[in-house]
1. What's the number of the condition Ile169 fails, among (1) touching a Lys or Arg at 6+ places or on another chain (Cβ under 7 Å); (2) of a type in the set (A, V, I, L, M); (3) away from the ligand (no atom under 16 Å from the Cβ); (4) not in a helix (DSSP H, G or I)?
2. So Ala245 ticks every box in (1) out of contact with any Pro (no Cβ under 9 Å at 6 or more places or on another chain); (2) under 20 Å from Gln370 (Cβ atoms) but one. Which box is left unticked?
3. Quick one: is Leu83 part of a helix (DSSP H, G or I), more than 15 Å from the ligand (Cβ to nearest atom) and among the aliphatic types (A, V, I, L, M)?
4. Test of understanding: among Gly27, Gly56, which residue is under 27 Å from the mean Cα position of the chain (by Cα) and either within 16 Å of the ligand (Cβ to nearest atom) or at negative phi (or both)?
5. Report, by residue number, each residue of segment 274-313 that is in contact with a helix residue (DSSP H, G or I) (Cβ under 6 Å, 6 or more places away or on another chain) and either modelled with pLDDT under 95 or assigned to a helix (DSSP H, G or I) (or both).
6. Between Ala44, Ala99, which is closer than 16 Å to Thr240 by Cα and either assigned to a loop (DSSP other than H, G, I, E, B) or under 25 Å from the mean Cα position of the chain (by Cα) (or both)?
7. I need a count of the residues in segment 226-236 that are more than 13 Å from Leu83 (Cα to Cα) and more than 13 Å from the ligand (Cβ to nearest atom).
8. Taking the residues in segment 185-197 that are within 18 Å of Leu152 (Cα to Cα) and in contact with an Asp or Glu (Cβ under 9 Å, 6 or more places away or on another chain) as candidates, determine which candidate is surrounded by the fewest Cβ atoms within 10 Å (Cβ to Cβ).
Amino acid sequence: MPWPSESQRDTEVFGLIDKERERQVTGLQLIASENFTSPDVMEATGSVLTNKYAEGYPGKRYYGGNAVVDEIEAIAIERIKQLFGADHANVQPHSGASANMAVYLGLLKPGDTVLGLSLDHGGHLTHGSPVNASGILYNFHSFRVGATDERLDFDQIRELAIKHKPKMIVAGTTSYPRRLEPEPFRAIADEVGALMMFDIAHIAGLVAGGAHPNPVPYADVVTFTTHKTLRGPRGGCILTTAAHAAAIDKAVFPGSQGGPLQHAVAAKAVAFHEALQPSFKDYAQQIVKNAAALAEALSKQGFRLVSGGTDTHMMVVDLQPFDAELTGKESQLVLDEAGITLNKNNIPNDPRSPFVTSGVRIGTPSVTTQGMKEPEMALIAEYVAQTLRNRNNPAVIAEVRAKVATLCAKFPVYSKRV
Ligand code: DSN
């Protein structure tokens, strides 16, 4: 039987995809965990590889017909090992959360003690949140950022490690704007005999581009997503030392996943190729320069930056000094109307709930992919402030929406239809 004819095409969903493309390219995409993949990455994602089942690993599959898929997966593995200087790579995790859960499954026993950064201080759900399987299955204890400088406090982490004797220390963040030095984590892990896992989901592209220290030489395991600063398809990846390679592979398949998404694996390989090009270094550096420029411009507009600024691709903005009544929730909604997309985010010790929040998180990976630089960051800060100051004035919001569309038109994302 053939597929439905052209006249029966699902115009409803394809119409919505067109609408979403329009939204993405006519507005400012400032969600710190998003990016624009290249047309090549998208082509691989939408390829015939979506048809193939390939449980197992290159050279050891449970189905036939995997000669080509084996080559593709082997290329992805070699490229990511080269990019980060890793002993071993598993490119099959469907997401960052799947990657993290596979690491816990492979290296811990249920009930084992783990130390990680609290979600409301910039950690991740899979770093032991009580509502996540990590917090349900393992005995997580959380560290928090310092009360005054809002930075990681290694004295506190060391004290907690000595007190709780964790089997593993999880380093890594989703809304922490500062550099994550791997050495102090390694020193504490060694002191208490813990494994060290580094979740670099947010900063993988910065690490690959030399704009952030590489934790691979220090950590037992490094996990990340491929779709954030690394600019690949949605998905996850695990790098390990040779000592943990077999345990991690077994924990991904058959431990926690079935058939790998080989279209995503191929798209990862393409993204890794792109990240190996010299131009990716310029991209990573410019993301950081743009974030610094945006943070400075926002602070001139009266916002407070959590920890005083940023060393990475992102910043967390405390809205309270700008307007004590303004919440992250309302900011996200009204900025969306102005074509500026970001997400509400708790600030450390936030008096408001995660559904309301007193802050927003802003990132520069997408606008940097578009080619925007420091002068555009000053404009973005102006548009954000203008919208929020006039949040009850639809005419001003419409005016900003038009200015945002004009700015985005000067930096077209895709020159060919994707
Ligand atoms: N959703 C990701 C983020 O926005 O940081 C974390 O999983």
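1. Single failed check for Ile169: (1).
2. Every listed condition holds for Ala245 apart from (2).
3. yes
4. So the residue among Gly27, Gly56 that is under 27 Å from the mean Cα position of the chain (by Cα) and either within 16 Å of the ligand (Cβ to nearest atom) or at negative phi (or both) is Gly27.
5. Ala275, Ala284, Gln286, Ile287, Asn290, Ala293, Leu294, Ala297, Leu298
6. Among Ala44, Ala99, only Ala99 is closer than 16 Å to Thr240 by Cα and either assigned to a loop (DSSP other than H, G, I, E, B) or under 25 Å from the mean Cα position of the chain (by Cα) (or both).
7. Residues meeting the conditions: 3.
8. Met196
The values are calculated or read from the model by the stated rules, or taken from the named source; none is laboratory data. These numbers come from a predicted model, not from an experiment. Please note: Cβ atoms are built from the backbone with ideal geometry, for glycine as well, and neighbour counts cover all protein chains shown.
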